[in-house]
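**Q** Structure incoming, see below.
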């Protein structure tokens, strides 16, 4: 059962998430991923994924990962603000915050008008 009742990630989504998160570890071969699920998808193809990362020492971390795009072969595009640690007590606030950070529901080529 998924923690937040979200959709279980497909294999290509799992591959992309594991690959991106592993880049931030000194020992990626020791990481385990007991849960990877899709939180949200926007109309432009962005995907937000919830992942539990279990480290070798038993420490578990909950992350939200925002992808600009995930290909069927596991290839992906992600921005500089793609990963966010999330506290389970404020999960839904974290989701909304991460959407704002990653321009959720905004066209990829949008130019802000500050005038």
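**Q** Of everything in region 97-115 that's in contact with a strand residue (DSSP E or B) (Cβ under 9 Å, 6 or more places away or on another chain) and in a helix (DSSP H, G or I), which residue is surrounded by the most Cβ atoms within 10 Å (Cβ to Cβ)?
**A** Going through the qualifying residues, I end up with 98.
**Q** On the given criteria, is residue 94 modelled with pLDDT under 95, in contact with a strand residue (DSSP E or B) (Cβ under 9 Å, 6 or more places away or on another chain) and not in a loop (DSSP other than H, G, I, E, B)?
**A** Answer is yes for this residue.
**Q** Mind checking whether some residue in region 51-59 is within 24 Å of residue 109 (Cβ to Cβ) and within 13 Å of the chain's Cα centre (by Cα)?
**A** no
**Q** Of the residues in region 10-51, how many are within 22 Å of residue 100 (Cα to Cα) and in contact (Cβ under 8 Å) with a residue 12 or more places away in the chain? Write out each step before concluding.
**A** Initial filter on region 10-51 (within 22 Å of residue 100 (Cα to Cα)): 13, 16-17, 20-21, 36-51.
This time we only want the ones that are in contact (Cβ under 8 Å) with a residue 12 or more places away in the chain, so: 13, 16-17, 20-21, 36-40, 42-51.
Matching residues across region 10-51 total 20.
**Q** Can you tell me which residue is surrounded by the fewest Cβ atoms within 10 Å (Cβ to Cβ) among those in region 1-13 that are at pLDDT 95 or above and under 17 Å from residue 95 (Cβ atoms)?
**A** Checking each candidate, the answer is 13.
The values are calculated or read from the model by the stated rules, or taken from the named source; none is laboratory data. Quick caveat: nothing in here was measured; it's all calculated off a predicted structure. Neighbour counts run over all protein chains shown; Cβ positions are idealised from the backbone, glycine included.
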